[in-house]
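The values are calculated or read from the model by the stated rules, or taken from the named source; none is laboratory data. Keep in mind that this is a model prediction, so the values were computed, not measured. Note that each Cβ is placed from the backbone with ideal geometry, even for glycine, and that neighbours are counted across all protein chains shown.
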Amino acid sequence: MSQFENSVFQNLMVGEFSGEGDLIQLITDEEDDAPGKEILEEEIPILSVRNTVLFPGVVIPITVGRQRSIRLVKKAQKGNKLIGVCAQINPNIDDPGWEDIYQVGTLAKIIKMIVLPDGNTTIIIQGKKRFKISEQITDDPYFMAKAEYLEENFPKSSKKIQALEESLKESATRILHLNPEIPREAQVALDNIDNTPFLTHFLSSNINAPVEAKQRLLEINDGVERATLLLEFMMKDIQMLELKSEIQKKVHTDIDQQQRDYFLRQQMKVLQVELGDEGPEKEVEDLAARGALKNWPPEVNKHFQKELDKILRINPSAAEYPIALNYAETMVELPWNEFTQDNFDLNHAKKVLDGDHFGLEKVKERIIEYLAVLKLKNDLKGPILCLYGPPGVGKTSLGKSVAAALGRKYVRMSLGGMHDEAEIRGHRKTYVGAMPGKIIQNMKKVKISNPVYVLDEIDKLSSDFRGDPSSAFLEVLDPEQNNAFLDNYLEVEYDLSKVLFIATANSLDTIQPALRDRMEIIEVTGYTQEEKVEIAKRHLVPKQRKEHGLKAKQISFDKAALVKLIEDYTRESGVRSLERVIGKVVRNIAKSIAMEEEYNPKITAAVVRKILGSEIFDKESYTDNSIAGVVTGLAWTSVGGEILFIETSLSRGKGKLTLSGQLGDVMKESAMTALSYLKSKAETLGIDHRVFDQYDLHIHVPAGAVPKDGPSAGITMLTAMASVFTQRKVKARVAMTGEISLIGKVMPVGGIKEKILAAKRAGIKEIILCSKNKRDIEEIDEHYVKGVEFHFVNRVEEVLEIALLKTKVDNPVHFNLQPENGKDN
């Protein structure tokens with residue numbers, strides 16, 4: 001209800017506030033409007049009120065809660081009951097001063113005072129005469145002021161006054177009619193008012209206007225000017241109410257129209273069923289027309305026509321009808337033998353692949369080979385490629401580049417955490433909410449039969465009671481079977497043989513062996529420092545600069561800055577973390593530009609350290625070899641290669657072997673194998689066999705919080721034990737990796753490229769490898785292995801010959817050995 005409506009209702013029902021059953025009569029003549037018996041005192045108490053402007057002749061209730069106001073009202077109630085009422089300028093001020101109230105108010109008489117249980121006091125007052133504060137006397141215990149009473153300047157009667165009065169009544173009547181929530185009795189009260197000044201005061205008190213506007217009306221002395229301004233406010237109120245009424249009618253009309261349309265449609269359906277006319281025929285005709293344009297196999301067409309016949313036999317109100325209709329729509333929306341034309345320009349393909357990815361030569365070569373065969377034969381079943389490597393090396397984004405090189409559409413499916421077989425094969429139509437599997441859904445989405453289909457994170461498939469998705473992929477990823485892939489929902493064979501599937505994986509260990517056998521594994525190794533610098537220059541820096549709204553002239557990185565970011569702030573095989581730290585630097589420069597601060601657009605190593613703070617990672621370096629039993633090994637991790645330190649020490653004991661550093665079972669077995677081999681060859685190596693029984697051996701791999709496992713540390717552990725038992729130094733700047741057997745054979749290991757890169761970063765000059773790993777070295781570009789000498793060995797004896805120096809350490813341990821059986825040997 002608007003302020004106008006509330007005020008009218010309050011004026012009509014004020015008898016409730018007074019405790020009387022009869023309505024208080026409105027003052028409608030000038031004699032009653034002006035104070036008759038009341039003595040107009042010069043000094044009057046002032047009551048400040050919020051959100052209310054009192055006009056002469058108007059009766060309103062006011063709740064008094066401030067202690068100052070309560071004292072004022074009680075004092076006035078005992079005296080002549082006359083108070084001055086002034087509106088408060090800011091209603092949010094709880095304790096107003098003289099500057100917080102308007103200086104023009106209305107003298108009022110207290111008609112009734114009611115003390116409420118909560119301590120507040122409600123008074124019903126009637127406005128008598130306008131006044132202006134001429135002098136502020138005091139504000140304690142309440143406001144007292146000298147008042148200058150204002151006379152009404154309203155002509156007795158004229159045509160203009162009559163026109164204004166009629167206009168005001170018509171506008172008020174219009175407002176009453178536009179809002180049905182106003183009580184109908186308000187019209188009766190309005191008709192009984194025949195006094196123009198009071199009519200003006202009454203409507204001014206009740207218009208829907210802010211306090212500032214009402215105060216403006218109260219302060220106007222000229223009656224005609226006041227009535228004209230009041231009429232202007234009422235016309236604005238009428239316009240708002242008319243607009244509101246028009247909007248409500250439109251909304252009701254729209255709802256009524258929807259209900260009418262729904263009712264008519266239901267009647268049409270009933271009539272069509274009764275007459276045997278149309279019904280589902282129109283929908284079936286549309287599906288048949290779309291099906292006729294499909295290039296599908298004859299058996300699929302036969303199955304589709306059978307489904308259309310089934311739809312015609314189903315009652316449209318039956319639950320099976322929408323299921324059958326959705327199935328038929330799925331069939332016509334799928335691409336059947338609809339292909340894009342492959343681009344056989346091999347130079348274009350090479351240009352696209354080189355432009356999007358720096359390095360990855362083996363992968364690019366395989367794609368070019370595929371294109372070459374396709375160009376010559378013009379028919380090749382899509383190979384199943386699996387890009388295997390650490391995170392952030394560009395496996396997923398490579399799929400987009402392949403699609404661009406071939407001119408094919410691209411679709412990606414994330415397999416991480418998928419554990420429901422139905423997500424691959426779909427649900428049977430008998431299930432509620434059945435739908436095709438994601439393979440068919442994505443084919444429908446891409447609308448083509450030969451896209452590049454990236455199966456992301458295939459090594460992270462899981463299985464539970466809902467089935468094994470990796471087994472469901474056996475059919476999808478078999479080039480000999482996927483030409484007849486059967487989805488449970490589709491129920492007909494679908495040809496996937498023309499799809500180029502590209503799977504990505506971080507690890508091959510978790511991939512089901514049968515599934516792994518169906519894919520061609522292409523290893524995507526980590527990037528060297530030189531490759532990362534080039535990738536940052538060509539791709540990462542321009543990308544981050546564009547994303548942060550900077551221009552090339554506003555920021556540039558020199559090579560030293562990029563090398564520092566790579567070495568000191570990231571440790572990974574890929575470039576994902578490198579992109580993040582480049583983004584941090586670019587954001588810092590963007591902030592300086594936005595805040596108009598001075599900055600250096602040339603990013604140097606010093607600027608990088610100033611922006612990013614202290615280095616996060618220490619550069620790997622070999623350990624001092626002046627102590628016997630410390631050897632540098634090489635290890636492979638999910639973020640690339642690292643150097644690994646093996647530390648050994650001897651202490652008096654009973655030949656106990658202690659392993660620490662959170663080693664896995666394979667590394668523990670390598671340590672025990674190495675110790676057994678040394679015991680068997682003790683005499684050959686110049687080791688007194690009593691050492692093994694009288695001294696405890698402790699093997700520790702630093703970074704104990706990091707789990708470590710794998711056979712790569714076999715020869716490293718054996719060399720460390722031989723060094724500590726013989727007290728011979730280990731050659732400086734030498735590292736090794738390889739598995740050992742109990743009879744002293746050195747066996748090959750994986751991750752050679754990553755390990756070599758880690759060795760170069762650490763300043764290693766010589767690397768010992770199994771001779772069978774020589775083929776891995778031959779596949780690595782020559783500039784990656786430049787400056788490193790490789791020793792290829794087959795036996796453990798060769799490792800010790802290369803790694804151990806003839807001289808002992810500076811402060812060797814002198815073994816204090818007890819004789820056996822009480823005899824000194």
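Here are some notes:
- Region 716-748, subset small (Gly, Ala, Ser) and assigned to a loop (DSSP other than H, G, I, E, B), residue modelled with the lowest pLDDT: Ala732
- The residue pairs whose first member lies in region 438-462 and is over 12 Å from Asp495 (Cα atoms) and without any contact (Cβ under 8 Å) to a residue 40 or more places away in the chain, whose second member is in a helix (DSSP H, G or I) and of a type in the set (Asp, Glu), and whose beta carbons are closer than 8 Å, counting only pairs six or more residues apart or on different chains, are Lys438/Glu423.
- Per the listing Glu579, Glu567, Glu598, the residue uniquely part of a loop (DSSP other than H, G, I, E, B) and surrounded by fewer than 21 Cβ atoms within 10 Å (Cβ to Cβ) is Glu598.
- Flag for Ala484 being touching a residue at least 12 places away in the same chain (Cβ under 8 Å) and of a type outside the set (Lys, Arg): no
- Among the conditions (1) in contact (Cβ under 8 Å) with a residue 24 or more places away in the chain; (2) part of a helix (DSSP H, G or I); (3) under 30 Å from Leu578 (Cα atoms), the only one that Lys351 does not satisfy is (1).
- Residue, modelled with the lowest pLDDT, within region 617-638, restricted to residues that are assigned by TED's automatic domain parsing to the domain that holds Asp709, in contact with a helix residue (DSSP H, G or I) (Cβ under 9 Å, 6 or more places away or on another chain) and farther than 29 Å from Asn811 by Cα: Thr637
- Any hit, region 759-772, residues being part of a helix (DSSP H, G or I), under 17 Å from Thr632 (Cβ atoms) and aliphatic (A, V, I, L, M): yes
- Ile448 in contact with a strand residue (DSSP E or B) (Cβ under 6 Å, 6 or more places away or on another chain) and at pLDDT 85 or above: no
- Any pair with Cβ under 7 angstrom, 6 or more apart, that starts in region 591-605 at a residue that is assigned by TED's automatic domain parsing to the domain that holds Val541 and ends at one that is of a type in the set (Val, Ile, Thr): Tyr599/Ile589; Asn600/Val607; Pro601/Ile555; Ile603/Ile555; Ile603/Val585
- Summed over region 650-665, the residues that are assigned to a strand (DSSP E or B) and surrounded by fewer than 18 Cβ atoms within 10 Å (Cβ to Cβ) give a count of 6.
- Residues of region 316-348 that turn out to be at pLDDT below 85, outside any helix (DSSP H, G or I) and closer than 30 Å to Glu285 by Cα, as a count: 4
- Search result, residues across region 686-715 that are within 47 Å of the chain's Cα centre (by Cα) and assigned to a loop (DSSP other than H, G, I, E, B): Val701, Pro702, Ala703, Gly704, Ala705, Val706, Pro707, Asp709, Gly710, Pro711, Ser712
- Scanning region 65-86 turns up no residue that is assigned to a strand (DSSP E or B), out of contact with any Lys or Arg (no Cβ under 8 Å at 6 or more places or on another chain), in contact (Cβ under 8 Å) with a residue 12 or more places away in the chain and more than 29 Å from Asn195 (Cβ to Cβ).
- Among the residues listed as Leu190, Leu150, Leu168, the single one being in contact (Cβ under 8 Å) with a residue 60 or more places away in the chain and either farther than 29 Å from Ile101 by Cα or out of contact with any Lys or Arg (no Cβ under 7 Å at 6 or more places or on another chain) (or both): Leu168
- Verdict on Leu415 being out of contact with any Phe, Trp or Tyr (no Cβ under 9 Å at 6 or more places or on another chain), surrounded by 20 or more Cβ atoms within 10 Å (Cβ to Cβ) and either closer than 30 Å to Ser573 by Cα or of a type in the set (Gly, Ala, Ser) (or both): no
- Residues of region 756-802 satisfying the condition of being among the small types (Gly, Ala, Ser) and either modelled with pLDDT of 90 or more or not assigned by TED's automatic domain parsing to the domain that holds Thr684 (or both): Ser771
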